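These notes are about the structure you will find just below.
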There are 2 protein chains.
Amino acid sequence: MITPKTPPGFNELLPREQRVFNTMIDRIRMTYERHGYTPLETSAIELAQILLAKEGGETAKQVYRFIKGDTDLALRFDLTVPLARYVAEHYHELTFPFRRYQIQEVWRAEKPQAGRYRQFYQCDVDILGSNNVTADADVLITTFYTLQAISPSKAVLHISNRKIIAGFLQAHKLEKKGLEIMRIIDKLAKQGLEKTKQDLINLGIKNTNLLALLKIIKLNGSASNVLSELSKIKINNDLFTQGLNELEKIKKLLQAGGLKPTDFVFNMSIVRGLDYYTGMVFETILTNHKTLGSIASGGRYDNLVSQYRKEAIPGVGASIGVSRLFSLLKEKTKQTSATPAQALVVVFNESLLPYCFKVASLLRAKNINVEVYPSLDKPGKQIGYADKIGIPLVLLCGEDEEKKNMVTIKNMKTGKQKTVSLTKMVMEIQKIIS
Amino acid sequence: MITPKTPPGFNELLPREQRVFNTMIDRIRMTYERHGYTPLETSAIELAQILLAKEGGETAKQVYRFIKGDTDLALRFDLTVPLARYVAEHYHELTFPFRRYQIQEVWRAEKPQAGRYRQFYQCDVDILGSNNVTADADVLITTFYTLQAISPSKAVLHISNRKIIAGFLQAHKLEKKGLEIMRIIDKLAKQGLEKTKQDLINLGIKNTNLLALLKIIKLNGSASNVLSELSKIKINNDLFTQGLNELEKIKKLLQAGGLKPTDFVFNMSIVRGLDYYTGMVFETILTNHKTLGSIASGGRYDNLVSQYRKEAIPGVGASIGVSRLFSLLKEKTKQTSATPAQALVVVFNESLLPYCFKVASLLRAKNINVEVYPSLDKPGKQIGYADKIGIPLVLLCGEDEEKKNMVTIKNMKTGKQKTVSLTKMVMEIQKIIS
């Protein structure tokens with residue numbers, strides 16, 4: 001006999017959890033579609049050379065990569081790189097701007113730690129083929145309302161634009177160290193200001209440049225305040241100006257889209273770790289669960305698709321880390337039943353089985369979820385089963401009931417019973433369920 | 001630049017196809033829940049020793065298996081073995097009988113051929129913890145109604161019971177060759193009667209035994225006829241009698257569940273290729289697409305979980321091969337739009353963007369799926385985009401409209417336009433959409 005277990009670092013849900021999880025995913029789907037994104041799924045397995053075209057270092061180590069036959073394959077580790085590949089591959093079959101949502105699992109062989117698994121869902125929206133800030137605002141608004149639909153705690157978007165820092169670095173002839181500087185800034189929240197400062201000094205950023213840069217990345221607050229502070233900084237650089245303009249427009253559009261001033265902040269320390277971002281970047285913090293870290297993030301990546309295709313296809317997207325969010329919903333599993341069944345038909349003996357099946361069939365035709373107990377256990381055990389998994393109604397179909405074409409409906413919550421004719425059964429059940 | 005492509009044998013959908021596919025999956029989910037099955041997902045990656053505990057030979061060759069760190073891993077190739085592992089692993093956290101449905105992808109490195117892919121969805125229902133024929137009838141009825149909800153062609157269940165053949169073999173002291181005989185019979189439809197006969201002779205089945213066995217496996221027709229023919233066969237064997245009794249009960253229950261006599265046949269040549277089946281087995285043929293082969297199949301497997309756990313946990317299940325079924329739905333993609341958006345807000349110029357976002361926001365709050373065109377292209381191009389991807393309504397929000405708090409609704413089908421106030425907009429749009 002082999003001990004049954006999932007590989008280390010993998011997580012599976014029990015029925016109540018799975019039902020809560022699915023409800024969350026359904027709401028995400030609905031909200032994404034409400035904002036006009038179309039569903040897409042990509043292959044779990046990709047050619048390794050394609051998947052790892054840009055990413056190296058840490059990511060490459062975490063990828064599940066293997067040879068089958070003589071093909072070098074890898075499991076996707078996010079949904080953005082496969083999207084870039086998909087859009088490049090199907091360029092002539094798609095209409096641009098192309099906006100899609102994707103809700104699928106990704107795999108990363110991370111060190112197992114609490115709340116982090118090697119297989120988890122990502123929920124992404126992206127718009128490809130628009131370099132306009134309208135698209136940036138679109139993915140931000142969509143993400144905000146999606147979180148509102150599923151999160152038990154208020155979400156605040158932390159928005160920045162890489163062009164601000166990139167413009168600053170250009171103006172001060174520091175762009176060669178751009179990526180390294182971005183990576184240091186990205187760790188500010190984790191490592192604190194002193195360590196960040198020291199890392200920047202170690203990189204050779206000194207004196208006035210250092211002070212000016214620190215001043216920018218410390219800007220974190222209401223959009224109006226940060227914009228006003230940024231506009232005071234006199235940097236004669238197109239990229240910087242463009243970044244500032246884009247932030248101004250984003251502020252206007254988020255407000256027009258119904259977001260309140262407290263729903264988002266401009267936080268100049270947000271740059272995101274991935275190298276492919278070129279403009280707007282954001283993370284999302286839950287007010288009551290700040291230690292969870294960012295539960296939704298993304299940004300603009302104008303050159304990612306160009307690895308695979310000569311046409312310029314700028315993109316912007318946002319990803320929700322649902323598996324982490326789900327950890328906050330676990331409380332809900334207690335109030336959720338372990339089955340979608342709304343009624344259980346109790347089977348008293350074998351000869352009554354056809355009547356039980358008939359009753360179930362009638363109810364299903366009226367959109368009621370019904371289970372016939374699939375064994376010939378004692379009625380008490382069957383009712384106990386309904387109680388355990390949380391079926392709200394039990395239908396007793398004994399010999400008396402069969403003779404008279406009736407059923408006895410037992411409300412599991414109140415314990416009350418009522419015998420009704422088959423013609424009145426549906427109405428009666430709907431009354432109790434609703 | 002790297003040429004973007006999926007690995008050989010993998011298939012991805014375009015937006016219209018994906019939307020048709022998702023509608024099909026939604027209907028399957030709904031029908032499974034209507035019959036009281038609860039959703040479950042298992043990990044894509046399993047420990048190789050667990051996944052391959054029983055299966056060998058052909059299956060093992062097709063499995064994607066790889067080492068990560070020092071762990072021997074494999075991608076699931078079906079949903080039944082992972083379920084057996086899951087149920088054994090979570091035995092004390094589950095309530096039995098446990099009925100779950102599972103809709104997930106599986107991976108098999110099959111030889112690429114038309115309509116066969118290396119990644120495809122399976123949709124399974126299973127009941128574990130009941131050895132009663134009620135459960136057999138339950139998965140059959142659920143599968144039948146699910147196919148009715150999604151199939152463009154009438155489905156007929158072809159049902160048998162391995163106990164019939166197994167009982168016959170026992171009675172004639174041929175049970176040692178049982179698995180080999182089952183595998184030969186399984187190929188009857190593909191290889192024809194003569195080849196089957198020859199294979200059986202080569203295996204050493206001769207004379208009266210051969211004739212009697214052929215007589216049984218040729219039985220294929222209405223449940224009543226086959227039952228009457230089977231009851232004429234005088235075999236004094238418990239297993240045979242049990243198989244016959246089970247078929248009789250299944251017939252009664254399918255009819256009680258609303259299936260007509262033409263919805264299922266008893267076909268004694270059905271034994272299924274997998275060794276783990278122990279009782280009822282079935283396949284499903286579409287009347288107008290017989291060449292597609294079986295599009296749903298399954299059966300009873302009473303010993304599968306015992307690889308992983310000492311408690312007896314009998315099971316029965318059914319799997320729908322949706323990827324194959326989907327090939328019949330491709331026609332539908334022509335009538336399906338490439339987006340869930342019901343309206344597109346056309347953006348005339350940048351200064352009107354906030355008004356456009358406001359209009360979209362108002363409509364979304366009323367459950368209308370709206371996209372704001374995410375770029376500043378010419379209005380003609382924006383309307384052309386709506387036409388191409390099939391958005392039925394276009395909302396023109398020009399300067400006049402903004403001043404008067406109105407929108408102009410253009411019906412893309414009729415070409416008619418109507419300018420209405422924001423307060424009447426929702427009603428007007430709902431009227432056109434419905």
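Points worth noting:
- Divided by 2.2 N^0.38 Å, where N counts the residues, the Cα radius of gyration of the range B:261-319 comes to 1.33.
- Counting only other chain Cβ atoms within 10 Å of each residue's Cβ, the peptide B:116-127 averages 1.
- Intensity falloff of the protein assembly as shown expressed as log10 I(q)/I(0), Debye formula with alpha-carbon point scatterers, at q = 0.05, 0.11 Å⁻¹: -0.33, -1.33
- Rounded, prolate or oblate (a/c below 1.5 giving rounded, otherwise prolate when a/b exceeds b/c) for the range A:392-434 by Cα gyration tensor: oblate
- Each principal axis of the Cα cloud of the range B:325-396 was taken in turn, and the coordinate range along them, longest first, works out to 49, 28, 15 Å.
- Counting from the shortest, the label point at B:E428, 7 Å from Cα toward Cβ, is 5.0 nm from the same position in each remaining copy.
- Within the assembled protein chains, the solvent-accessible surface assigned to A:Y121 is about 40 Å², based on a 1.4 Å probe.
- Filtered trypsin sites (Lys or Arg not before Pro), the range B:203-283: DSSP coil and at most 10 other beta carbons within 10 Å: B:K206, B:K234
- Residue among A:A114, A:A155, A:A386 with the largest mean-square fluctuation in a Gaussian network model of chain A, springs linking Cα atoms under 10 Å: A:A114
- For the range A:358-415 versus the range A:81-136, the gap between their alpha-carbon centres in whole angstrom: 45
- Share of alpha-carbon pairs per 10 Å distance bin for the range B:117-265, given as whole %: 10, 34, 35, 19, 3
- Computed with a 1.4 Å probe over protein heavy atoms only, the accessible area of A:T23 comes to about 70 Å².
- Using a Förster distance of 22 Å, the FRET efficiency for B:T336-A:H92 (Cβ separation, nearest 0.05): 0.65
- For chain B, the 222 nm mean residue ellipticity estimated from helices alone, with every DSSP H stretch of n ≥ 4 adding -39500 (n - 2.57) and the total spread over all residues, rounds to -12500 deg cm²/dmol.
- Chain A residue nearest the rotation axis toward B, with distance: A:F66, 2 (Cβ to axis, whole Å).
- Global form of the range B:348-434, assessed from the alpha-carbon gyration tensor, a/c cut-off 1.5: rounded
- Heavy-atom accessible area order for B:T278, A:T287, largest first, 1.4 Å probe: A:T287, B:T278
- Each copy carries a label point for A:A114 at 7 Å from Cα toward Cβ; from one copy, the others' points are 5.8 nm away, ordered from shortest.
- Potential lengthening between A:D72 and A:K215 on full extension [0.36 nm per residue; Cα-Cα distance subtracted]: 46.8 nm
- Cα-based convex hull, the range B:4-134, per residue volume (Å³, whole number): 159
- Estimated FRET transfer efficiency when R0 is 25 angstrom, pair B:N11-A:K54 (beta carbons, to 0.05): 0.50
- For the residue pairs A:K378/B:K252; B:K215/B:K249; A:K358/A:K404; A:K190/A:K290; A:K61/B:K61; A:K332/A:K410, the alpha carbons lie more than 18 Å apart in A:K378/B:K252; B:K215/B:K249; A:K61/B:K61; A:K332/A:K410.
- Inter-label distance, nm, simple model (7 Å from Cα along the C-beta direction), A:E350/B:S351: 8.5
- For the residues B:E399, B:E46, A:E12, a 1.4 Å probe over the protein chains yields an accessible-area ranking, largest first, of B:E399, A:E12, B:E46.
- Model label sites at B:K366 and B:E175, defined 7 Å from Cα along the beta-carbon direction, differ in position by 7.2 nm.
- Quick note on the range A:207-299: its Rg to Rh ratio, both from C-alpha atoms and Rh being the Kirkwood radius, is 0.96.
- Per-residue mean of C-beta atoms belonging to partner chains within 10 Å, peptide A:129-137: 5
- Taking label points 7 Å from Cα along the Cα-to-Cβ direction, A:T408 and B:I233 give a separation of 4.4 nm.
- When the alpha carbon gyration tensor of the range B:173-229 is reduced to an equivalent ellipsoid, the three semi-axes, largest first, read 20, 13, 11 Å.
- Taking all protein chains as shown and a probe of 1.4 angstrom, A:M427 keeps an accessible surface of around 120 Å².
- Phi angles of the range A:69-86 translate, via the Karplus equation with coefficients 6.51, -1.76, 1.60 and θ = phi - 60°, into HN-Hα couplings of x, 10, 10, 8, 10, 8, 7, 4, 10, 7, 9, 7, 5, x, 5, 4, 5, 4 Hz per residue; Gly and Pro are given as x.
- Computed across chain A, the Kirkwood hydrodynamic radius from all distinct Cα-Cα pairs reaches 25.2 Å.
- 0 to 90° range, to nearest 10: angle between helix B:188-202 axis and chain B longest Cα axis: 20
- Spherically averaged projected area of the convex hull of Cα atoms, the range A:232-373: 16.8 nm².
- Beta bridges assigned by DSSP with both partners in chain A are antiparallel in approximately 80 percent of cases.
- Here the range B:97-127 is scanned for amide nitrogen atoms under 14 Å from the site 7 Å beyond the Cα of B:S327 along Cα-to-Cβ, giving B:111-121.
- Across identical copies of the chain, A:K176 has label-point separations of 8.3 nm, listed in ascending order, with the point defined 7 angstrom from Cα along Cα→Cβ.
- Its relative contact order, with pairs defined as Cα atoms under 8 Å and 6+ residues apart, puts chain B at 16 percent.
- Computed over the range A:37-100: relative contact order in percent, which uses C-alpha pairs under 8 Å that are six or more apart: 41
- If you plug the beta carbon distance of A:E399 and B:K154 into 1/(1 + (r/R0)^6) with R0 = 30 Å, you get a FRET efficiency near 0.25.
- Order of exposure, largest accessible area first, which applies to A:D377, B:D124 with probe 1.4 Å: A:D377, B:D124
- Chain B against chain A buries an accessible area of about 8700 Å², both chains summed, 1.4 Å probe radius.
- Each part gets one Cα centre, and for the range A:216-270 versus the range B:1-67 those centres are 44 Å apart.
- Sequence-separation-based contact order of the range A:115-265, relative, with Cα cut under 8 Å and 6+ spacing, percent: 38
- Residue mean of other protein chain beta carbons inside 10 Å, A:257-265: 2
The values are calculated or read from the model by the stated rules, or taken from the named source; none is laboratory data. The model shown is predicted, which means the values in this text are computed figures rather than measured ones. Cβ: placed from backbone, ideal geometry, glycine included. Neighbour counts: every protein chain shown. Surface areas here come from the heavy atoms of the whole protein model, side chains and all, with no ligands, DNA or RNA. Shrake-Rupley method; radii C 1.70, N 1.55, O 1.52, S 1.80 Å.
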